[in-house]
Amino acid sequence: MYRNISNQFDQDQLQDDLDTLAQWQDDWQMHFNTKKCFVMRITHVRNPKVYNYTLGQSPLESTACHAYLGVDITNNLTWNKHINRITSSANRSLGFIKRNLYSCNKSIKENAYFTLVRPLLEYSSSVWDPHTQDLINKLEKIQRRAARFVVNDYSRHSSVTEILTNLQWNSLKNRRTVSRLSVLQKSRQNLLALPVNDLLLPVRRLSRHQHPNCYQLITSNKNCHKYSFFPQTVKDWNSLPYSVTTIEDTKQFKTAVISHLNQQD
């Protein structure tokens, strides 16, 4: 449940919604666990409006970070805490397969990384794809360590970049970009319940460097919005060749996008 809070009336309306929920739980005898219910104020205002919300007779605690469907959302919409958590989890999983599969062949090690580690680093990445280099590097370092483990090459004189190239592993950054663009491509075909046509506007007057499927860029003065899904993905979409944006098959689209990104690197 959420509401844009601008004044006291908005706060009262949100409390009325909570009261409606409380009445529903009493009518149907399906009570919420108020210890797992929190209030989060997502704002950049120094002194946000404070209101003591309640659910039934129980006051709701405020929190600065809360996990929702496996993604840690913070009150300032940064992804540091989420990425810190998933990298810690991925490092533990990588350590586990290192200890147990050290004598296995390359194929088994690679499949173990693809199955047990990389999914931890990519779950819902379309939502939290970071833009700061420190977070990007933090994610990539895990894959680089995994690459050394797979080929059993820990020499200081070995190039990890060359190892990754030989393994034909795409960077996690490029994979996240492909994931975001794939979501947009599916939405354009009405395969996802994402109202692209309502949220994005086509370019009215095309320049020489734009293709007919370009959208108007979404501007923002806040990084949390500027680098969120739609503003960043529209920018990446507009940079794709026109021939790629017309591909309807999702698998072929992903292959074409990753090929384009690899050429840009």
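List every residue pair whose Cβ atoms sit under 8 Å apart, with the two residues 6 or more apart in sequence or on different chains, where the first one lies in the stretch 215-241 and is free of Cβ contacts under 8 Å to residues at least 24 places away in the same chain and open to solvent by 60 Å² or more (accessible area, probe 1.4 Å) and the second, anywhere, is among the aromatic types (Phe, Trp, Tyr) and not in a helix (DSSP H, G or I).
Filtered contacts from the stretch 215-241: no entries.
Any idea which of (1) modelled with pLDDT under 95; (2) over 22 Å from Asn262 (Cβ atoms) is the one Ser158 doesn't satisfy?
(2)
Considering only the stretch 242-260, how many residues are closer than 23 Å to Leu206 by Cα, assigned to a helix (DSSP H, G or I) and either in contact (Cβ under 8 Å) with a residue 24 or more places away in the chain or touching a Cys at 6+ places or on another chain (Cβ under 6 Å) (or both)?
The first filter runs over the stretch 242-260 and keeps only residues closer than 23 Å to Leu206 by Cα, leaving 242-248, 257, 260.
With the extra rule that they be assigned to a helix (DSSP H, G or I), the set shrinks to 242-245, 257, 260.
Right, trim to either in contact (Cβ under 8 Å) with a residue 24 or more places away in the chain or touching a Cys at 6+ places or on another chain (Cβ under 6 Å) (or both) and you get 242, 245, 257.
Qualifying residue count, the stretch 242-260: 3.
When the residues of the stretch 36-49 are filtered to those that are modelled with pLDDT under 90 and open to solvent by 60 Å² or more (accessible area, probe 1.4 Å), which remaining residue is nearest to the chain's Cα centre (by Cα)?
Of everything passing the filter in the stretch 36-49, His44 is nearest to the chain's Cα centre (by Cα).
If you take the residues in the stretch 1-31 that are hydroxyl-bearing (Ser, Thr, Tyr) and assigned to a loop (DSSP other than H, G, I, E, B), which one is most open to solvent (accessible area, probe 1.4 Å)? Step through it out loud before you land on a result.
Applying the first criterion (hydroxyl-bearing (Ser, Thr, Tyr)) to the stretch 1-31 yields 2, 6, 20.
Then keep just the ones that are assigned to a loop (DSSP other than H, G, I, E, B); that gives 2, 6.
Numbers: Tyr2: 207, Ser6: 68 Å².
In this case the residue turns out to be Tyr2.
For the stretch 94-118, how many residues meet the condition of being open to solvent by less than 60 Å² (accessible area, probe 1.4 Å), farther than 15 Å from Ala147 by Cβ and part of a helix (DSSP H, G or I)?
Residues that pass the stated criteria total 1.
Mind telling me which of the residues Pro119, Pro130, Pro202 ends up being without any contact (Cβ under 8 Å) to a residue 40 or more places away in the chain, on the phi < 0 side of the Ramachandran plot and under 21 Å from the mean Cα position of the chain (by Cα)?
Unique residue meeting the criteria: Pro119.
Run Tyr113 past the list (1) farther than 30 Å from Thr43 by Cα; (2) at pLDDT below 95 and report the number of the one that doesn't hold.
So the condition that Tyr113 fails would be (2).
Across the stretch 137-160, what is the total count of residues that are under 27 Å from Leu181 (Cβ atoms), hydrophobic (A, V, I, L, M, F, W, C) and open to solvent by 10 Å² or more (accessible area, probe 1.4 Å)?
So the count comes out to 1.
Show the residue pairs meeting these rules: Cβ distance below 7 Å; 6+ apart or different chains; first residue within the stretch 169-195 and open to solvent by 40 Å² or more (accessible area, probe 1.4 Å); second residue not in a helix (DSSP H, G or I).
That search, which allows pairs on different chains as well, returns Lys186/Leu192; Gln189/Glu248.
Pull out all pairs, ordered by first then second residue, where Cβ-Cβ is under 6 Å, the residues are six or more apart or on different chains, the first lies in the stretch 89-102 and is in contact (Cβ under 8 Å) with a residue 12 or more places away in the chain, and the second is open to solvent by less than 40 Å² (accessible area, probe 1.4 Å) and among the β-branched types (Val, Ile, Thr).
Pairs that qualify, where the first residue is in contact (Cβ under 8 Å) with a residue 12 or more places away in the chain and the partner is open to solvent by less than 40 Å² (accessible area, probe 1.4 Å) and among the β-branched types (Val, Ile, Thr), are Ala90/Val117; Ala90/Ile142; Ser93/Val117; Leu94/Val117.
Regarding Leu206, is this residue open to solvent by 80 Å² or more (accessible area, probe 1.4 Å) and among the aliphatic types (A, V, I, L, M)? Lay out the reasoning, then the answer.
Numbers: open to solvent by 80 Å² or more (accessible area, probe 1.4 Å): yes; among the aliphatic types (A, V, I, L, M): yes.
In short, yes.
Can you give me the number of residues within the stretch 196-227 that are part of a loop (DSSP other than H, G, I, E, B) and of a type outside the set (Lys, Arg)? If you could, list the steps in order and put the result at the bottom.
Filtering the stretch 196-227 for residues part of a loop (DSSP other than H, G, I, E, B) gives 200-201, 203-214, 216-222, 227.
If we keep only those that are of a type outside the set (Lys, Arg) too, we end up with 200-201, 203, 206-207, 209-214, 216-221, 227.
Looking only at that region, the number is 18.
The values are calculated or read from the model by the stated rules, or taken from the named source; none is laboratory data. What you see is a predicted model; the values in this text were computed from it and never measured. Backbone-built Cβ (ideal geometry, glycine too); neighbour counts: all protein chains shown. Please note that ligands, DNA and RNA were not included when accessible areas were found on the heavy atoms of the full protein model with its side chains. Shrake-Rupley method; radii C 1.70, N 1.55, O 1.52, S 1.80 Å.
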